[in-house]
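Novice: Handing you a structure now.
The values are calculated or read from the model by the stated rules, or taken from the named source; none is laboratory data. If you're wondering where the values come from, they're calculated on a predicted model, not measured in any experiment. Note: ideal-geometry Cβ built from the backbone for every residue, glycine included; neighbour counts use all protein chains shown. Just the protein is used for accessible areas: all its heavy atoms, side chains included, with ligands, DNA and RNA removed. Shrake-Rupley method; radii C 1.70, N 1.55, O 1.52, S 1.80 Å.
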Amino acid sequence: MKTAVLAMAAVLSGVVLQGQPGVAASSAIQFDAARKLWLLTTGASSYAMGVGADGTLQNLYWGPALWRLADVPAPGPRRDVSSFDPRQMMQREEYPGWGGPRYYEAALRLSRADGNRDLVLKYVSHKISGNDLDIDMSDIRDDGLRVTLHYRLYPEYGIVRRHSTVRNGTAASVTLESAQSAVYNLPLGDGYFLTHLTGRWAMETQVRREPIQEGRIVLESRKGHTSHNSNPWFAVDRGSAEEESGGVWFGALAWSGNWRITVEQTPYRQVRITGGMNDFDFSYPLKAGESLDTPAFFAGYSGNGHGGASRLMHRFENERILPGGVKAPVRPVLYNSWEATTFKVEEAGQKALADKAAKLGVELFVMDDGWFGKRNNDKAGLGDWFVNKEKFPNGLGGLIGHVRGLGMKFGLWVEPEMVNADSDLYRAHPDWVIHFPDRPRSELRQQMILNLAREDVKEHLFGVLDKLATEYPLDYLKWDMNRSFSEPGWPDAGAGEQRKLWVKYVTNYYELVDRLRAKHPGMAIESCSGGGGRIDLGVLQRVDEVWPSDNTDAFDRLKIQEGFTQAYSPKVMSAWVTDVPNMNGRSTPLAYRFLVAMQGALGIGANLNQWVDADFALGSKMVAVYKRIRATVQTGNLYRISSPRVGDMTANAYVSQDGKQAVLFAFRHAQQFNTPADPVVFRGLDEKAVYRVEPVVDGKLMGQWKEASGAWLMHNGVTLNLRGDYDAAALILERVN
Ligand code: GLA
């Protein structure tokens, strides 16, 4: 009987059974119709759900891959433990409404027109189509309110994508007070640890790890953009996971506005991770017939520690998130003018820099801030996106022609969402900025934010950017956003609708970028927000590169990059070589600066007018080396061998997807007591293979051998002659057999 039920369910869901009942061979989604259970398998992990006797949808499993749906028990009936501990609190609901006796973080809270706020969601129906599962839920009163939970599996990557759609099918309007994307329930028990990324301007993506105990840890942004302070990514383990071992549950939100991830442990040893748009100052009215889609909340599980989790994410991002996917080319070596010339850009000076950049082997020349309006400092000009005729009397054509004549592509900096009070645009449209009437309009970096939630503002910005990209052959646009929101008013929207600004601003920003890309497909886009203020999976779906931090101090970058790569691919991690002394008044050698930056998408941001011949010689060599290894760095597997948070050595290895090339980068902070550097033990190689070992910097590899086996390199390691302060080495390994 059971076999028959499973076979039938298998036919319905496209499962192919191989002889044994319940063995799914080719489908990622299995469904047991009789017991109303789903088993979702993606890569090396599985996720199981079922419908309880009361109609609630409950998570039953998330962890290493399962193959036998028959093993998964249906959610059993539960009894209240006490009048203070109702049965609802013992269940691991997939998407709980705020209603009945539920006291944990709700996935959906709403208020009906008559003031009724009770919402208890129950399973209605579902649809399986390939790797997609949609589950429809309604309130127990079945008043027309529909919630659809979307699950999409990416079996080649071990990733699941979840989000929800809330549809108001009632006759009256309903106001959403919190609409989360998804809740991820972890296996019952305690002793979990949370790893997350924290920071501030010039100190983004710092790794933090802390125990999860009863209560809530809230990671969030209330700043209108993703923010430097916290990044919408998490990793959770049971206390014993390390860089290359142990189970790690991880996830990331695709949302570039106010977001929140709540990690909560209930008194019943449930750990629940709820994520989506922040419910802070959130209010989203839905008229009858309207709906809201929540942003995607991706998640996965790796049995190979934090390193394994990041490698899954990197490959997934490179191949399925970034524009162009697997077909997207490797990122070019760029030059950016900002640190060299700041606002003092003009045609002759930029041409001179371009000549020097071209000699180094740079492929893309980007002119940063200062080329438009009355932009001589940060007090004026934002909003006036026409070429400054004093700096460029003949427009940008002369410079672009020169740059292209040198064999480089050309890119331009813009900050479309912003306006200075001293600008023609603000003088013409003071009502276009985000503001409350008769309240201060706080300026940060002397600028205000255009209300992109407004259709007229959106259309104006599309017109401006489209004109720029049509008039000039732009290969690259660095899209900046240099302040956080304040006084988030939208007077024209009316009192009830004003707070839609938080959502509409972001969806219109996405639409703007998407339209621009569609019309100018050859123009790559960089996301920058005063460094790393807008980096998340939502923006990564529509840009090619991101600027992780305005801090280009190479030693500080090691920690920033360590955190960045927990969540995001080195391919998008723009990293420049700049001048010293840098932030902290620190000076590091040029080779060290190059090797730090070569671990991502290499750029140069130095004032090349001050470089001497020896700098150009070293720079040219490093750029040439980078071009040989960049496919491995940008699209390979990253092994973080030694963390900058521990000891005085940092080491990272990148191994190409085909295993033919590997690159090791090693950095020493401060040698003491004449102690030699510890051997660096490789990871990710083939023990049986032999590799040709080539040092990038002379004199750094101890020992005479030119070839070594994977076994030797991974078990004994290599000894590097790293001495003094800020010493660095790199090795290129080419597989010879
Ligand atoms: C921000 C960016 C910098 C640079 C300046 C220009 O700070 O992060 O890279 O573009 O703006 O004003």
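Novice: Please give the number of the condition Leu176 fails out of (1) farther than 21 Å from Pro295 by Cα; (2) over 17 Å from the mean Cα position of the chain (by Cα); (3) not β-branched (Val, Ile, Thr).
Specialist: For Leu176, the failing item is (1).
Novice: Considering (1) part of a loop (DSSP other than H, G, I, E, B); (2) among the aliphatic types (A, V, I, L, M); (3) at pLDDT 95 or above, say which one Met49 fails and leave the rest.
Specialist: (1)
Novice: Of all residues being at pLDDT below 95, part of a loop (DSSP other than H, G, I, E, B) and under 36 Å from the mean Cα position of the chain (by Cα) in the stretch 681-713, which is nearest to Ser656 (Cα to Cα)? Just the residue, please.
Specialist: Checked the stretch 681-713; the qualifying residue nearest to Ser656 (Cα to Cα) is Val697.
Novice: Do we have Asp658 as open to solvent by 20 Å² or more (accessible area, probe 1.4 Å), in contact (Cβ under 8 Å) with a residue 40 or more places away in the chain and among the charged types (D, E, K, R) here?
Specialist: Spelling it out, it is not the case that Asp658 is open to solvent by 20 Å² or more (accessible area, probe 1.4 Å), in contact (Cβ under 8 Å) with a residue 40 or more places away in the chain and among the charged types (D, E, K, R).
Novice: Looking only at the stretch 48-85, which residues are buried (at least 19 other Cβ atoms within 10 Å of the Cβ) and acidic (Asp, Glu)?
Specialist: none
Novice: I need a count of the residues in the stretch 530-580 that are within 26 Å of Gly619 (Cα to Cα) and hydrophobic (A, V, I, L, M, F, W, C).
Specialist: Selection size over the stretch 530-580: 13.
Novice: Related question: Of these, Gln634, Gln541, Gln610, which one is touching a helix residue (DSSP H, G or I) at 6+ places or on another chain (Cβ under 6 Å), open to solvent by 40 Å² or more (accessible area, probe 1.4 Å) and among the polar types (S, T, N, Q)?
Specialist: The conditions single out Gln541.
Novice: Could you please find all residues in the stretch 280-318 being open to solvent by less than 10 Å² (accessible area, probe 1.4 Å) and either modelled with pLDDT under 95 or aromatic (Phe, Trp, Tyr) (or both)?
Specialist: Phe297, Phe298, Phe316
Novice: Could you look through the stretch 516-536, keep only residues that are under 25 Å from Ala252 (Cβ atoms) and among the charged types (D, E, K, R), and pick out the one that is farthest from the chain's Cα centre (by Cα)?
Specialist: Arg517
Novice: Looking only at the stretch 93-146, filter to residues that are under 18 Å from Asn168 (Cα atoms) and either among the hydroxyl-bearing types (Ser, Thr, Tyr) or not assigned by TED's automatic domain parsing to the domain that holds Ala182 (or both); which one of those is nearest to the chain's Cα centre (by Cα)?
Specialist: Tyr95
Novice: Also, I was wondering about something else. Does Lys356 satisfy the criteria of being out of contact with any Ser or Thr (no Cβ under 9 Å at 6 or more places or on another chain), of a type in the set (Lys, Arg), open to solvent by 30 Å² or more (accessible area, probe 1.4 Å) and more than 15 Å from the ligand (Cβ to nearest atom)?
Specialist: So Lys356 fits the description; yes.
Novice: Do any residues in the stretch 519-533 that are under 18 Å from Phe365 (Cβ atoms) and open to solvent by less than 10 Å² (accessible area, probe 1.4 Å) have Cβ atoms under 9 Å from those of residues that are acidic (Asp, Glu) and more than 9 Å from the ligand (Cβ to nearest atom), where the two are at least six apart or on different chains, and which pairs are they?
Specialist: Met523/Asp475; Ile525/Asp544; Ile525/Glu545; Glu526/Asp544; Glu526/Glu545
Novice: If I ask for residues that are of a type outside the set (D, E, K, R), in contact with a Ser or Thr (Cβ under 7 Å, 6 or more places away or on another chain) and away from the ligand (no atom under 15 Å from the Cβ), which ones from the stretch 511-546 would you list?
Specialist: Matches in the stretch 511-546: Gly538 only.
Novice: Quick test for you: out of Trp233, Trp249, Trp259, pick the one residue that is open to solvent by 10 Å² or more (accessible area, probe 1.4 Å) and under 24 Å from His150 (Cβ atoms).
Specialist: Trp249
Novice: Does Glu339 fit the bill of being open to solvent by 40 Å² or more (accessible area, probe 1.4 Å), under 30 Å from Gly605 (Cβ atoms), charged (D, E, K, R) and within 16 Å of the ligand (Cβ to nearest atom)?
Specialist: So Glu339 fits the description; yes.
Novice: Filter the stretch 676-692 down to residues that are buried (at least 20 other Cβ atoms within 10 Å of the Cβ) and either over 18 Å from Val655 (Cβ atoms) or of a type in the set (A, V, I, L, M, F, W, C) (or both), then give me how many there are.
Specialist: 4
Novice: One residue is enough: does the stretch 424-431 have a residue meeting the conditions closer than 21 Å to Cys528 by Cα, at pLDDT 95 or above and of a type in the set (A, V, I, L, M)?
Specialist: Scanning the stretch 424-431, I find no residue that is closer than 21 Å to Cys528 by Cα, at pLDDT 95 or above and of a type in the set (A, V, I, L, M), so the answer is no.
Table: residues versus (1) buried (at least 20 other Cβ atoms within 10 Å of the Cβ); (2) touching a Ser or Thr at 6+ places or on another chain (Cβ under 9 Å).
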| site | (1), (2) |
| --- | --- |
| Leu110 | yes, yes |
| Ser125 | no, no |
| Ile135 | yes, yes |
| Asn168 | yes, yes |
| Glu177 | no, yes |
| Pro187 | no, no |
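Novice: Taking interchain pairs and intrachain pairs at least six residues apart, which have beta carbon atoms under 7 angstrom, with the first residue in the stretch 473-486 and open to solvent by 20 Å² or more (accessible area, probe 1.4 Å) and the second of a type in the set (Lys, Arg) and within 12 Å of the ligand (Cβ to nearest atom)?
Specialist: Correct list of pairs: Asn482/Arg445.
Novice: Can you find even one residue in the stretch 699-713 that is basic (Lys, Arg), surrounded by 22 or more Cβ atoms within 10 Å (Cβ to Cβ) and closer than 21 Å to Phe594 by Cβ?
Specialist: So far as the stretch 699-713 goes, no, none of its residues is basic (Lys, Arg), surrounded by 22 or more Cβ atoms within 10 Å (Cβ to Cβ) and closer than 21 Å to Phe594 by Cβ.
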